[in-house]
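Undergrad: Got a structure for you, written out below as structure tokens; questions coming shortly.
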Amino acid sequence: METAPWRIFHHNDQEIIIDVDGGISIGGHTTHPFPCEITFASLCDNGLVATWVDHDLRLARMAFISLDEPLQEGATKAQLRLKRDSTMVAGSKWCHIIDSEPLAVEAEDDKIVFALWARGIYCIDSSANELWRIPLSTNVGKSPPRSNEITSLNIDGDSVVVWSRGGTFSQISMLNGKQLSQGELGVPCDIENVFNHGDRFLISSKDGWIWEFRDEEITVARKLRGTIQDAAFDGDDWRIISWREDLMLLGESQTRADLGVQIFQNDGEWLVIDNQGQSSPHMPDKN
């Protein structure tokens with residue numbers, strides 16, 4: 001592919017690749033429904049929900065695109081500059097202008113949970129009907145700066161776990177938005193991302209520290225040369241890609257020539273797609 005990949009999804013035997021410029025490729029054909037990068041994307045109810053953000057033009061969109069219909073080419077960047085308030089994501093089932101930075105988006109089945117900077121946390125269905133909303137945390141005095149900023153949302157069954165940069169978390173009901181529990185990681189951190197497999201969490205801090213967190217306790221701690229690019233739990237251990245490195249959380253590591261972008265499983269084999277668009281085995285002796 002001409003542009004480096006950013007995310008890869010599989011839907012109904014189709015491979016969907018999103019590149020760093022916001023292009024979406026299905027079956028080798030690439031379209032640009034909106035002329036800027038996609039910052040968050042998740043599969044939802046036979047479609048793709050995503051956010052498009054242009055920091056230079058200070059605008060953002062959130063939209064739902066059906067994956068059962070051909071994708072449509074959207075406006076150019078020049079057209080967007082002329083009609084910034086009326087240009088929407090081409091071919092979308094719905095599209096909304098959002099006036100605040102998206103911090104996290106996660107979807108499962110027909111529900112979408114997202115957080116907006118200085119606004120709140122929202123839950124909608126795949127038709128954009130609002131189910132609930134709650135305000136952001138107002139705790140002050142924590143370090144580092146912006147510690148209360150939401151950095152990750154992880155859906156686990158009937159609840160979503162909301163993580164802040166400073167390591168606090170809240171478990172929220174997917175049904176009504178009520179808080180079920182809260183806690184904190186308990187170590188100094190500036191969380192960049194959180195991955196989960198059920199109630200098992202893998203947490204990546206910007207200083208290279210990573211932790212496995214389960215039953216409200218740290219079970220593993222490890223320092224990497226960089227932060228986690230992507231991770232997946234294979235049933236026994238966490239498979240991780242970091243800065244030019246593949247590793248198992250509880251095991252060894254191997255260097256990688258190109259930058260790994262995402263881990264995925266294909267026909268029982270764990271693979272990594274790199275920034276050149278090429279796929280290769282992740283820790284082949286562990287497959």
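The values are calculated or read from the model by the stated rules, or taken from the named source; none is laboratory data. This structure is a prediction, so every number in the text was calculated from the model and none was measured. Don't worry about glycine lacking a Cβ; one is built from the backbone with ideal geometry, like all the others, and counts go over all protein chains shown.
Undergrad: So ASP21 fits all but one of (1) assigned to a strand (DSSP E or B); (2) closer than 21 Å to ASP274 by Cα; what number is the exception?
TA: Single failed check for ASP21: (1).
Undergrad: State all residues of region 28-82 that are part of a loop (DSSP other than H, G, I, E, B) and touching a strand residue (DSSP E or B) at 6+ places or on another chain (Cβ under 7 Å); if no residue qualifies, say none.
TA: PRO33, PHE34, CYS36, GLU37, ASN46, LEU67, LEU71, GLN72, GLU73
Undergrad: Restricting region 195-225 to residues that are surrounded by 14 or more Cβ atoms within 10 Å (Cβ to Cβ) and of a type in the set (Gly, Ala, Ser), which is nearest to GLU106 (Cα to Cα)?
TA: Among those residues, the one meeting the criterion is SER204.
Undergrad: Residue by residue through region 61-81, note down the ones that are over 13 Å from ALA50 (Cβ atoms) and either of a type outside the set (A, V, I, L, M, F, W, C) or touching a helix residue (DSSP H, G or I) at 6+ places or on another chain (Cβ under 8 Å) (or both).
TA: Hits for region 61-81 are ASP68, GLU69, PRO70, GLN72, GLU73, THR76, LYS77, GLN79, ARG81.
Undergrad: Considering GLY177, GLY208, which residue is touching a residue at least 24 places away in the same chain (Cβ under 8 Å) and on the phi > 0 side of the Ramachandran plot?
TA: GLY177
Undergrad: (1) loosely packed, with under 13 Cβ neighbours inside 10 Å; (2) touching a Leu at 6+ places or on another chain (Cβ under 9 Å); (3) closer than 30 Å to GLY198 by Cβ: which one isn't true of ASP85, the others all being true?
TA: (3)
Undergrad: With respect to GLN265, determine if the residue is part of a strand (DSSP E or B), surrounded by fewer than 16 Cβ atoms within 10 Å (Cβ to Cβ) and at pLDDT below 95.
TA: It is true that GLN265 is part of a strand (DSSP E or B), surrounded by fewer than 16 Cβ atoms within 10 Å (Cβ to Cβ) and at pLDDT below 95.
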